[in-house]
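Enquirer: Dropping a structure here in structure tokens format, bear with me for questions.
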Amino acid sequence: MAMREIRTVGDPVLRTPCDPITTIDARVRSLVEDLLETVDHDGRAGLAANQIGVGLRAFSWNIDDEIGYVLNPVIVDVSEEEYQDGDEGCLSVPGLWYPTRRAWYARVVGTDLDGKEVVVEGTELMARCLQHEVDHLDGMLYLDRLDRSVRKKAMRAIREQL
């Protein structure tokens, strides 16, 4: 296992949709180990494979003392009428937090390393994490979901950090 470097905004891998995992081999097993090791630190709620430079559909989470992973996740359900409007941050956009609207509840279906179906669901922070990480795998950042005026402020802050 290895703690991997986090790719930050501006790296094209973050804007490239990830490929499905079609074969579970040593490379995928190593990726999962690295995702679990890298997310297992205070202040880290989730980590998508492309955030560590790997263009495969996998992510890990670290919510409420539970650490896990899912391969080929697909959001299959979100609350349609209940939302949360809290501040959201991202390891790939370090130090910046902005109000981001997300569904209050989300459910993701994928597989584990044995090819068995995995269902991950939750409310509040877990729901936010699931939506955030699947966005990453689709080549999106939470910045893309910000209101226009807030996004403009965020982009200015990012430029100032460079």
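Enquirer: Tabulate in residue order the Karplus-calculated ³J(HN,Hα) for region 81-87, using 6.51 cos²θ - 1.76 cosθ + 1.60 with θ = phi - 60°, rounded to whole Hz; enter x for Gly and Pro.
Expert: 10, 10, 10, 10, 10, x, 5
Enquirer: Which angle from 0 to 90°, rounded to the nearest 10, does the C-alpha axis of helix 148-161 make with the longest principal axis of the chain?
Expert: 80
Enquirer: Using the Karplus curve 6.51 cos²θ - 1.76 cosθ + 1.60 with θ = phi - 60°, what ³J(HN,Hα) values do you get for each residue of region 52-65, in whole Hz, with x for Gly and Pro?
Expert: Rounded to whole hertz, the list is 10, x, 10, x, 10, 7, 7, 8, 10, 9, 9, 10, 6, 6.
Enquirer: If you don't mind, another one. Would you mind working out the magnitude of the charge dipole of the chain relative to its Cα centre, with +1 at each Lys and Arg C-beta and -1 at each Asp and Glu C-beta, to the nearest 20 Debye?
Expert: Using Cβ point charges on Lys, Arg, Asp and Glu, the chain gives about 920 debye.
Enquirer: What percent does the relative contact order of region 1-126 come to when contacts are Cα pairs within less than 8 Å and at least six residues apart?
Expert: 22
Enquirer: Here's something else I'd like to know. For a protection proxy built on the mean count of beta-carbon atoms within 10 angstrom, sort 17-28, 129-140 highest first, please.
Expert: My ranking of the peptides, most packed first, is 129-140, 17-28.
Enquirer: Ranked from highest to lowest mean number of other Cβ atoms within 10 Å per residue, what is the order of the peptides 42-48, 7-13?
Expert: 42-48, 7-13
Bear in mind these aren't lab numbers, they're just calculated from the coordinates by the rules spelled out. Note that the coordinates shown come from a computational prediction; the quantities given were computed from them, not determined experimentally. Counting neighbours? That spans all protein chains shown, and the Cβs are built from the backbone with ideal geometry, glycine included.
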